[in-house]
Amino acid sequence: VQLQASGGGLVQPGGSLRLSCAASGFAFSTYGMGWFRQAPGKEREFVAAISWSGGRIYYADSVKGRFTISRDNAKNTVLLQMNGLKPEDTGAYYCAVGRTPIPGRGEDAFGSWGRGTQVTVSS
């Protein structure tokens, strides 16, 4: 399993970024996918998850209405569109493969993790 996250960067508060995670080495279209983040000095936390078909989507309350997760099974890619970014959104963002087609929200619901991409929201 290989997961390559990209799209992070430095953005001002209120700005937008789109994260992308390119997956390979497994049957992408049959697994749920998720995004987590970890701020400095804090534990990794759930951000969003999407089922194998895209039919079920979950968000952390802190990002609901601002972030949108999607997937393209033809391209083995999962995206995270982040709008209205806040300083508290700063952290390393990780994509992960769910253990089942419809993943949960906890870390134990995900079995493989990619390297993070850094998002910094600051003026």
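The values are calculated or read from the model by the stated rules, or taken from the named source; none is laboratory data. It should be emphasised that the depicted structure is a prediction, and the values quoted were computed from it without experimental measurement. So basically every Cβ, Gly included, is an ideal-geometry build from the backbone, and we count neighbours across all protein chains shown. Areas reflect the complete protein model, heavy atoms only, side chains present, ligands, DNA and RNA absent. Shrake-Rupley method; radii C 1.70, N 1.55, O 1.52, S 1.80 Å.
Using alpha carbons only, what's the Rg to Rh ratio of the chain with Rh from Kirkwood?
Dividing the radius of gyration by the Kirkwood radius yields 0.94.
Taking the 1.4 Å solvent-accessible surface of the chain as the whole, the part contributed by carbon and sulfur is 47%.
Compute the length gained on full extension between SER123 and ASP108: take 0.36 nm times their separation in residues and subtract their Cα-Cα distance, giving the result in nm to one decimal. Don't skip to the answer; put the middle values down first.
Details: separation 15, 0.36 × 15 = 5.40 nm, distance 3.50 nm.
Full extension of this stretch gives 1.9 nm more.
For GLY9, the residues whose modelled amide H falls within less than 5 Å of its own, excluding neighbours fewer than 5 places apart on the same chain, are VAL119, THR120. When the chain is treated as a GNM with alpha-carbon contacts under 10 Å, the residue of ALA109, ALA96, ALA74 showing the greatest mean-square fluctuation is ALA74. Considering only alpha-carbon pairs that sit under 8 angstrom and 6 or more positions apart, the relative contact order computed for the chain is 35 percent.
Each 5 Å bin from zero up to the one holding the largest Cα-Cα distance in the stretch 81-123 carries the following percent of pairs: 5, 20, 21, 17, 19, 12, 4, 1. Within a straight-line Cα-Cα reach of under 18 Å, LYS64 can be paired with the following aspartates and glutamates, leaving aside sequence neighbours fewer than 8 residues apart in one chain: GLU45, GLU88, ASP89.
Think of each Lys and Arg Cβ as +1 and each Asp and Glu Cβ as -1; about the Cα centre, that makes the dipole of the chain roughly 180 debye.
The chymotrypsin sites (Phe, Trp or Tyr not before Pro) found in the stretch 17-123 that occupy coil by DSSP, while having at most 15 further C-beta atoms within 10 Å, are PHE26. Restriction of the trypsin sites (Lys or Arg not before Pro) in the stretch 44-123 to DSSP coil positions whose beta-carbon has at most 15 other beta-carbons within 10 angstrom yields ARG56, LYS64, ARG66, LYS75, ARG99. The residues of the stretch 25-111 expose, per residue, 48 Å² of accessible area to a 1.4 Å probe.
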